[in-house]
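The values are calculated or read from the model by the stated rules, or taken from the named source; none is laboratory data. Keep in mind that this is a model prediction, so the values were computed, not measured. Here Cβ is always computed from backbone atoms with ideal geometry, including for glycine, and neighbour counts include all displayed protein chains. Only protein heavy atoms, including side chains, enter the accessible area calculation; ligands, DNA and RNA are left aside. Shrake-Rupley method; radii C 1.70, N 1.55, O 1.52, S 1.80 Å.
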Amino acid sequence: DDSPDTATRQLAALRQEYAYWMKGASCVQASRPCERIVRMPDGTLLNRYWDDKDTPRDESYAEDVATAAEAKGDKAITYRHLRAGAESGWDFSSRWFGDGRTIATIHTTDIVPVDLNSLMLAMEQRIEARCQKAGDSACATEFAGLARKRKAAIDRYLWVGKEGRYADWDSKAKKPTAILSAATLYPLFVGAASPAQADAVATTVRAKLLGSGGLRTTPNRTGQQWDTPNGWAPLQWVAIDGLARNGQETLARDIAGRWIGTVAAAYAETGKMLEKYDVEERKPGGGGEYPLQDGFGWTNGVTSALLDRYPDIAAELEKAE
C-alpha cells in the first residue's frame, strides 16, 4: 500500500518510536545518562538500554533476587541492569558483564551498544527520507543532521580499528568494552561501514566468530544463552545481509550454508525448528534461564529467506537427503 495515508501513518509511527528512545535527551548531563540517552565526551547523544523499573523481573523474580544478592551492591541498580539486559533481547550475554564472565557483574545501563545505535542511525535516515518525500524539508534537514552526528560518533567511539571490530562503549570507563560479539556486524547491516571497516570486520568474523555450524554470538563460554556455543537466527541474517551488501558475498554465503546445515540437522533429529542452536556441534542450543523453545518464528523466517536467497544451498540439501 503506497497511498499517502499509509505513508503519513508510517512516518508518524517511526517518529513516535524515535521519540521513545530519545526521551531522556531533556534530562541527560555530561556526567549522568538519563533514561535511554548517554551524552558522549564530544557532546553527541547516543542510546543505551534501560528500564523504568528497578525491581526484579516478574518472569524471573527468584533468579534476579539471587543475582542481586551475589552482586553485593545496591540491589536496585542490579535489577535495573538485569531489566535493561532483557530489553536488549540479549538476556543474557558477556556483553553486559563487567568481568566478561559472571552475571553478578552485569552493568548493562553503563554500556552504549553498537547494535542499538546502528538501528537508531537507520531510523534517523528513514525518517529523513520519508520527510523529504512528504515535502517536509525542515524535518528532513533535522534528521539528516542527527544521522550525520550519530554516524560520526559511531566511528569515533564504537570503531576499534586496531582490532578490526565495532564495539560497545563503557560510559563509566570511557572506552570500548573488550567483548567481541555478533553485534559488530550491525553497522554493516545498516550501511554505516566503509569498505575498509567492512573488510576488517569480515576478517575478524572469520577468525573469531565463525563456528562450524554458523555465526557464534560471542567467543565467550559463560553458560549464558547469548554467548558461545549458541547461534541465533536474527544474528545470522544481520551478518549475512550486512556482509553481502559490503562486498563480502563469499563469507555471507559460507555463514548461510553452515547455518542452514545446522537447522536441517536438528530438524532431521527432532522434527522441530528451534529458538537457538549450538553452532559448535550443530545441535539444539542451551543455556540461560529457561528450557529451549520449539517452533520459533525467527528461525522459520530466516531459514526460509536464506533458502530463497541461496537456492544452490537448498539444492545441495535435497541431494544429500
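Worth a mention:
- 18 Å Cα-Cα reach of Lys283 towards lysines, excluding residues that sit fewer than 8 places from it in its own chain: Lys272
- Here Ala196 and Arg148 are evaluated by their C-beta separation; at R0 = 22 Å the FRET efficiency comes out at 0.65.
- At 0.890 mPa s and 25 °C, Stokes D of region 80-214 from Kirkwood alpha-carbon radius, µm² per second: 154 µm²/s
- Largest-first ellipsoid semi-axes for region 212-291, taking √(5λ) over the Cα gyration tensor eigenvalues, angstrom: 21, 15, 9
- For a straight C-alpha distance cut-off of 17 angstrom, the lysines reachable from Lys75 (same-chain residues fewer than eight places away being disregarded) are Lys53.
- Distances between every pair of Cα atoms in region 173-315, grouped in 10 Å steps from 0 to the bin holding the largest one, split as 12, 44, 33, 10, 1, 0 percent.
- Under the Karplus curve 6.51 cos²θ - 1.76 cosθ + 1.60, θ = phi - 60°, whole-Hz ³J(HN,Hα) for region 121-127, x wherever Gly or Pro sits: 4, 4, 5, 4, 5, 6, 5
- Between the residues Gly287, Ile106, Val263, the greatest Cα displacement towards the positive end of the dipole of the chain, with unit charges on the Cβ of Lys, Arg, Asp and Glu, is found for Ile106.
- Remark on region 27-160: hydrodynamic radius 16.2 angstrom, per the Kirkwood mean of 1/r across alpha carbon pairs.
- Taking amide H atoms as placed 1.01 Å from N in the peptide plane, the amide H of Arg48 lies under 5 Å from those of Ile37, Val38, each 5 or more residues away in sequence or on another chain.
- Taken over region 65-115, the convex hull of the Cα atoms encloses 69 Å³ per residue.
- If the chain linking Arg206 and Glu249 were pulled fully straight, counting 0.36 nm for each residue of separation and taking away their Cα-Cα distance, it would gain 14.2 nm.
- Amide H partners (placed H, <5 Å) of Leu274, local residues excluded: Gly295, Phe296
- Point-charge dipole on Cβ atoms (K/R +1, D/E -1) for the chain, about Cα centre, debye to 20: 1160 debye
- To the nearest 10, the accessible area of Arg258 is 70 Å² with a 1.4 Å probe.
- Here is how the number arises for the chain: DSSP H runs of 4 or more residues each give -39500 (n - 2.57), the sum is divided by the residue count, and the result at 222 nm is -15500 deg cm²/dmol.
- Pairwise centroid distance, computed over Cα atoms, of region 133-208 with region 209-269, Å: 20 Å
- Full extension of the chain between Arg126 and Ala305 gives 62.1 nm of extra length, using 0.36 nm per residue less the Cα-Cα distance.
- 10 Å beta-carbon shell around Tyr79, net charge (K/R +1, D/E -1): +1
- Accessible-area order (highest first, 1.4 angstrom probe) of the listed residues Lys272, Lys151, Lys208: Lys208, Lys272, Lys151
- For Trp159, the residues whose modelled amide H falls within less than 5 Å of its own, excluding neighbours fewer than 5 places apart on the same chain, are Ala167.
- Cα gyration tensor, the chain - rounded (a/c under 1.5), prolate or oblate: oblate
- Extension gain from Leu119 to Glu281, taking 0.36 nm per residue of separation minus the Cα-Cα distance: 55.2 nm
- For the pair Ser31 and Lys53, label points projected 7 Å from Cα toward Cβ lie 3.2 nm apart.
- Heavy atoms of Ser3: accessible area, 1.4 Å probe, square angstrom to 10: 40 Å²
- FRET efficiency, Ala134 to Lys72 (Cβ-Cβ, R0 56 Å, nearest 0.05): 0.55
- Computed from backbone phi, the HN-Hα couplings of region 233-249 come to 3, x, 6, 5, 5, 4, 5, 5, 5, x, 5, 4, 6, 10, x, 10, 5 Hz, rounded to whole numbers (Karplus: 6.51 cos²θ - 1.76 cosθ + 1.60, θ = phi - 60°; Gly and Pro given as x).
- The residues of the chain expose on average 45 square angstrom of accessible surface per residue, using a 1.4 Å probe on protein heavy atoms.
- Fluctuation leader among Gly297, Gly100, Gly286 - the chain, Gaussian network, Cα springs under 10 angstrom: Gly297
- Rg(Cα) / (2.2 N^0.38 Å) computed for region 262-321, rounded to two decimals: 1.17
- For Pro33, net neighbour charge (Lys/Arg +1, Asp/Glu -1) across residues whose Cβ lies under 9 Å away: +2
- Loop-located chymotrypsin sites (Phe, Trp or Tyr not before Pro) in region 116-207 (DSSP state not H, G, I, E or B) with no more than 16 neighbouring Cβ atoms inside 10 Å do not occur.
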